[in-house]
Amino acid sequence: MKELKLYVLERCPYCIKVANLIKEKELDVEILDVNVPENQDALMRIGGQDMVPMLTIDGEPMYESKEIIKWLNENY
């Protein structure tokens, strides 16, 4: 199984859409709030962009809620 991490901002509507799908599918995804400095640092280090939501799939970044939702639906 792939290691999945979702970087979010608490009130971001796009982040909420992705997080809701993850909960609906009962997926094992670590959700990380980028308001926490170490998570913000990881967001920039991994993806090089200050943009959420960002899903990492085995450490590889994916952006855009529509693309993330599409990938999750195709793979889970």
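The values are calculated or read from the model by the stated rules, or taken from the named source; none is laboratory data. Source: prediction; values computed, not measured. Methodologically, a virtual Cβ is constructed for each residue, glycine included, from the backbone with ideal geometry; neighbour enumeration extends over all protein chains shown.
A few remarks follow.
- Of the set (1) on the phi > 0 side of the Ramachandran plot; (2) modelled with pLDDT under 95; (3) charged (D, E, K, R), all apply to Glu26 but (2).
- Of residues in the stretch 21-55 being assigned to a helix (DSSP H, G or I) and among the hydrophobic types (A, V, I, L, M, F, W, C), the one surrounded by the fewest Cβ atoms within 10 Å (Cβ to Cβ): Met44
- Within the stretch 28-52, the set of residues being of a type outside the set (D, E, K, R) and touching a helix residue (DSSP H, G or I) at 6+ places or on another chain (Cβ under 7 Å) comprises Val29, Ile31, Leu32, Val34, Val52.
- Looking only at the stretch 4-20, residues that are more than 11 Å from the chain's Cα centre (by Cα) and not in a helix (DSSP H, G or I) come to 3 in all.
- Inside the stretch 33-76, residues that are without any contact (Cβ under 8 Å) to a residue 40 or more places away in the chain and β-branched (Val, Ile, Thr) make up a count of 3.
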